[in-house]
Each structure stands twice: as C-alpha cells, then as structure tokens.
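The values are calculated or read from the model by the stated rules, or taken from the named source; none is laboratory data. Not measured: the values here are computed from a predicted model. Cβ placement follows ideal geometry from the backbone for every residue including glycine, while neighbour counts extend to all protein chains displayed.
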Amino acid sequence: MLDHQLAAPIRDDLIKISPDLGRRFDAANGDAPASLTFAQLFAQASPSVELLRVVKDFSKLAVANKGRKALAQAVDALAYA
C-alpha cells in the first residue's frame, strides 16, 4: 500500500479529501508537473515548503477520516518517512 501511495499523483489524492487542498497544491506547485507524486516530492533536494505543508494537512485529514482507514495508514506512514 505504501508503494502505491508513493507512486500516486499528489493532486489526485488531495482533491478526493479536500478541494481546498487541491487549490493550495495548484497555487504552491509552481513549475512542477501536475502529476507530481509523493515519491518525487520527497526525493527532491529542496522540496517546496508549502507543498510539504499541503501534504501534512492532507495526512491529518486522511487520518481523521475513519472511513478511509487504508489510505490514512499509508499517509500516516508518509508523514514519518
């Protein structure tokens, strides 16, 4: 599940949880492709602080969303990666 989450485009998962997070991602993404994955973001030498904040907020919402337990567990693991 973690490998799948790392390979997933960030924006696709954000808008499933919160359209506002999708808008924040778009605003902070700059020159990065819209298909930016979690793995690509975490592999960057100097990732965007705002993108990292969006991912952090996403993880908090996913963990709080009990109906999506598998996603919450994967995102929780990402938060500690």
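Identify the residue in segment 1-41 that is of a type in the set (A, V, I, L, M) and in a loop (DSSP other than H, G, I, E, B) and, among all such residues, is surrounded by the most Cβ atoms within 10 Å (Cβ to Cβ). Talk me through it step by step, then tell me what you get.
Restricting attention to segment 1-41, the residues satisfying the condition of being of a type in the set (A, V, I, L, M) are 1-2, 6-8, 10, 14-15, 17, 21, 27-28, 32, 34, 36, 39, 41.
Of the ones still in play, those that are also in a loop (DSSP other than H, G, I, E, B) are 1, 8, 32, 34, 36.
On the way: 1: 10, 8: 16, 32: 16, 34: 11, 36: 18.
Looking at the filtered set, the residue picked out is 36.
Across segment 38-50, what is the number of residues that are over 15 Å from residue 6 (Cα atoms) and either touching a Phe, Trp or Tyr at 6+ places or on another chain (Cβ under 8 Å) or touching a residue at least 24 places away in the same chain (Cβ under 8 Å) (or both)?
Counting residues in segment 38-50 that are over 15 Å from residue 6 (Cα atoms) and either touching a Phe, Trp or Tyr at 6+ places or on another chain (Cβ under 8 Å) or touching a residue at least 24 places away in the same chain (Cβ under 8 Å) (or both) gives 1.
Could you list, in sequence order, all residues of segment 1-16 that are modelled with pLDDT under 85 and within 11 Å of the chain's Cα centre (by Cα)?
Once the filter is applied, which keeps residues that are modelled with pLDDT under 85 and within 11 Å of the chain's Cα centre (by Cα), segment 1-16 yields 5, 6.
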